[in-house]
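> After the structure tokens below, expect a handful of questions from me.
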Amino acid sequence: MNSPSTRLFALWVVLLAAAGSYALTTGVRQSMGLFVSPLNTATGLGIGSISLAFAFGQLWWGLTQPVAGAIADKIGAGRVLFFGVLMVALGTFITPYMSSTLGLILAVGVLAAGGAGLAGPSVLMPAATRLIAPERRGIAFGVVNAGSSFGQFLIAPIAGMLMLSFGWASALQVLAIVVLLSLPAAFILRGAPAPHSPAAPQKLSAGQAMRTALRDRNYLLLAAGFFVCGFHVAFLATHLPGVIAACGLPLQFGAWSLALLGLFNIMGSLGIGWAMGRWRSRSLLALLYATRAVAVLLFLLAPKTGLVVLVFAAVMGLTFLSTVPPTAGLVAKFFGPANMGTQFGIVMLVHQVGAFAGVWLGGKAFEVTGSYDWYWYVDILLAVGAALINLPIREARVVRAAA
């Protein structure tokens, strides 16, 4: 039987499996900023060297996106997700045993971040895209993206409590075991349904899909703005606890700030998914980037109290990864769902090049100047530029879905 209720149930099972696996892998990954200071104390490598390892992880996560997307386009999301989860767990578990920059690059950068890339949006977003009509993709993207935010909201405070109760090394190893809870999602997502429309664009090879995308002006503008997104959010995920510690506030504020980033991005992701059915995605992206610029400027001017940093984290959370659904939606509008794993993966790679720059330069700025102020000034300028660069993107008018 293939009744509408059965199809709807199957759709939600897939969406929740994708969102749940994204929650656990991203939640652990986005909580790693809490461990920068303990790693520095334990290894004596310096914030700059540790930031390099974390920055390499951001870059490597991006490099896996086109590859993971292309493989998932061929063999389905489930197998790719399975190996990704195992890599995240292994890399996280062995991190406490690493005492050199190279060792941290292997554990945090290659294994944990690479595994999170295999279990990332270029695999999960297309799995949702192929199951849903174009006018309803926005909410599907929002649900999957909200999963990553819920994971951060849930896991960051747990990581903080584990650190206080058992020490940072044991906390990391407990988190590695928690990641394995996402393995059942790999079996739910093991199939790769064909695009729902008979008129869907013809399947291309990975090389053809890349060339088609890179010749498109709108796609290049979208990717340029997404570079800034990576620069911003990776810095927050890695260095926000350090920013808060530099303000003289205790560890709990760092953990709760990361949690608030996740909690409010749930609202932001679901809200942006709803808004995509009503307004153009390019306008929503411009609004998100402009909001970041204003929020950072106000944070620089405000007194650094506990309430201020929590409010700042909440506002940043509304925009944190809310850029992903409209970005994924635009890629699907430009080229269709058939090759979306590859084409969205390239955009994610550009995002992570920005993430590498944000994490590494943020650490170097603090190491050289003793504060993060210069990073924030650059971030404001880039956010304004990203808002402006999205406006020329040509996009078809939104066709509102029926109630």
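The values are calculated or read from the model by the stated rules, or taken from the named source; none is laboratory data. Keep in mind it's a predicted model, so treat the numbers as computed, not measured. Backbone-built Cβ (ideal geometry, glycine too); neighbour counts: all protein chains shown.
> If the requirement is being out of contact with any Phe, Trp or Tyr (no Cβ under 8 Å at 6 or more places or on another chain) and either of a type in the set (D, E, K, R) or crowded, with 24+ Cβ neighbours inside 10 Å (or both), which of these qualifies: LEU321, LEU270, LEU307?
Numbers: LEU270 fails: either of a type in the set (D, E, K, R) or crowded, with 24+ Cβ neighbours inside 10 Å (or both); LEU307 fails: either of a type in the set (D, E, K, R) or crowded, with 24+ Cβ neighbours inside 10 Å (or both).
Matching residue, one of LEU321, LEU270, LEU307: LEU321.
> In addition: Within region 68-85, does at least one residue satisfy the condition of being within 22 Å of LEU361 (Cβ to Cβ) and of a type outside the set (S, T, N, Q)?
Quick first cut of region 68-85, residues within 22 Å of LEU361 (Cβ to Cβ) only: none.
No: region 68-85 contains no residue that is within 22 Å of LEU361 (Cβ to Cβ) and of a type outside the set (S, T, N, Q).
Matching residues to (1) of a type outside the set (Gly, Ala, Ser); (2) over 15 Å from PRO157 (Cβ atoms); (3) touching a strand residue (DSSP E or B) at 6+ places or on another chain (Cβ under 9 Å); (4) not in a helix (DSSP H, G or I):
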position	(1), (2), (3), (4)
LEU221	yes, yes, no, no
PHE226	yes, yes, no, no
PRO241	yes, no, no, no
GLY248	no, yes, no, yes
ALA255	no, no, no, no
LEU261	yes, no, no, no
GLY277	no, yes, no, yes
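> Looking only at residues that are outside any helix (DSSP H, G or I) and not hydroxyl-bearing (Ser, Thr, Tyr) in region 54-104, which one is farthest from MET210 (Cα to Cα)?
If we filter region 54-104 for residues that are outside any helix (DSSP H, G or I), which is where we start, we get 76, 98-100.
With the extra rule that they be not hydroxyl-bearing (Ser, Thr, Tyr), the set shrinks to 76, 98.
On the way: GLY76: 19, MET98: 37 Å.
The selected residue is MET98.
> Does ALA107 satisfy the condition of being touching a residue at least 40 places away in the same chain (Cβ under 8 Å), in a helix (DSSP H, G or I) and buried (at least 19 other Cβ atoms within 10 Å of the Cβ)?
Working: touching a residue at least 40 places away in the same chain (Cβ under 8 Å): no; in a helix (DSSP H, G or I): yes; buried (at least 19 other Cβ atoms within 10 Å of the Cβ): yes.
It is false that ALA107 is touching a residue at least 40 places away in the same chain (Cβ under 8 Å), in a helix (DSSP H, G or I) and buried (at least 19 other Cβ atoms within 10 Å of the Cβ).
> Which of the residues that make up region 277-297 are modelled with pLDDT under 90 and not small (Gly, Ala, Ser)?
Matches in region 277-297: ARG278, TRP279, ARG280, ARG282.
Here is a yes/no grid of residues against (1) crowded, with 24+ Cβ neighbours inside 10 Å; (2) within 23 Å of TRP360 (Cα to Cα):
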{"site": "THR238", "(1), (2)": "yes, yes"}
{"site": "MET276", "(1), (2)": "yes, no"}
{"site": "LEU301", "(1), (2)": "no, no"}
{"site": "ALA313", "(1), (2)": "yes, yes"}
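> Could you tell me whether GLY48 is surrounded by fewer than 21 Cβ atoms within 10 Å (Cβ to Cβ) and either assigned to a helix (DSSP H, G or I) or in contact with an Asp or Glu (Cβ under 7 Å, 6 or more places away or on another chain) (or both)? Let's see the steps before the verdict.
Details: surrounded by fewer than 21 Cβ atoms within 10 Å (Cβ to Cβ): yes; either assigned to a helix (DSSP H, G or I) or in contact with an Asp or Glu (Cβ under 7 Å, 6 or more places away or on another chain) (or both): yes.
In short, yes.
> Scanning region 351-376 for residues that are of a type in the set (Ser, Thr, Tyr) and buried (at least 19 other Cβ atoms within 10 Å of the Cβ), which turns out modelled with the lowest pLDDT? Let's see the steps before the verdict.
Pass one, region 351-376, residues of a type in the set (Ser, Thr, Tyr): 369, 371-372, 375.
Subsequent filtering for residues that are buried (at least 19 other Cβ atoms within 10 Å of the Cβ) retains 372, 375.
Working: TYR372: 81, TYR375: 86.
Among those that are of a type in the set (Ser, Thr, Tyr) and buried (at least 19 other Cβ atoms within 10 Å of the Cβ), it is TYR372.
> A follow-up question, please. Kindly indicate whether ILE71 is surrounded by fewer than 19 Cβ atoms within 10 Å (Cβ to Cβ), over 23 Å from MET163 (Cα atoms) and either touching a residue at least 60 places away in the same chain (Cβ under 8 Å) or among the aliphatic types (A, V, I, L, M) (or both).
Details: surrounded by fewer than 19 Cβ atoms within 10 Å (Cβ to Cβ): no; over 23 Å from MET163 (Cα atoms): yes; either touching a residue at least 60 places away in the same chain (Cβ under 8 Å) or among the aliphatic types (A, V, I, L, M) (or both): yes.
It is false that ILE71 is surrounded by fewer than 19 Cβ atoms within 10 Å (Cβ to Cβ), over 23 Å from MET163 (Cα atoms) and either touching a residue at least 60 places away in the same chain (Cβ under 8 Å) or among the aliphatic types (A, V, I, L, M) (or both).
> In addition: Based on what the data block shows, is GLY62 over 20 Å from the mean Cα position of the chain (by Cα) and modelled with pLDDT under 80? Reasoning before the result, please.
Working: over 20 Å from the mean Cα position of the chain (by Cα): no; modelled with pLDDT under 80: yes.
Judged against the criteria, GLY62 is not a match.
> Something else: So which pairs qualify, if the first residue must be in region 348-373 and in contact (Cβ under 8 Å) with a residue 40 or more places away in the chain and among the aromatic types (Phe, Trp, Tyr), the second must be buried (at least 19 other Cβ atoms within 10 Å of the Cβ) and not in a helix (DSSP H, G or I), the Cβ gap must be under 7 Å, and the two must be at least 6 apart or on different chains?
Correct list of pairs: PHE366/TYR372.
> So, in region 377-403, how many residues would count as being at pLDDT below 80 and within 21 Å of the chain's Cα centre (by Cα)?
Looking only at region 377-403, we keep the residues that are at pLDDT below 80, and these are 395-403.
Imposing the further condition that a residue be within 21 Å of the chain's Cα centre (by Cα) reduces the set to none.
Residues that pass the stated criteria total 0.
> With ARG29, ARG79 as the choices, which residue is crowded, with 16+ Cβ neighbours inside 10 Å, farther than 28 Å from CYS229 by Cα and basic (Lys, Arg)? Working first, answer last.
Working: ARG29 fails: farther than 28 Å from CYS229 by Cα.
Just a single option satisfies the conditions, and that option is ARG79.
> Right, here's the next one. From LEU284, LEU288, LEU310, grab the single residue that is touching a helix residue (DSSP H, G or I) at 6+ places or on another chain (Cβ under 8 Å), outside any loop (DSSP other than H, G, I, E, B) and farther than 24 Å from GLY33 by Cα.
Details: LEU288 fails: farther than 24 Å from GLY33 by Cα; LEU310 fails: farther than 24 Å from GLY33 by Cα.
Of LEU284, LEU288, LEU310, the one residue that is touching a helix residue (DSSP H, G or I) at 6+ places or on another chain (Cβ under 8 Å), outside any loop (DSSP other than H, G, I, E, B) and farther than 24 Å from GLY33 by Cα is LEU284.
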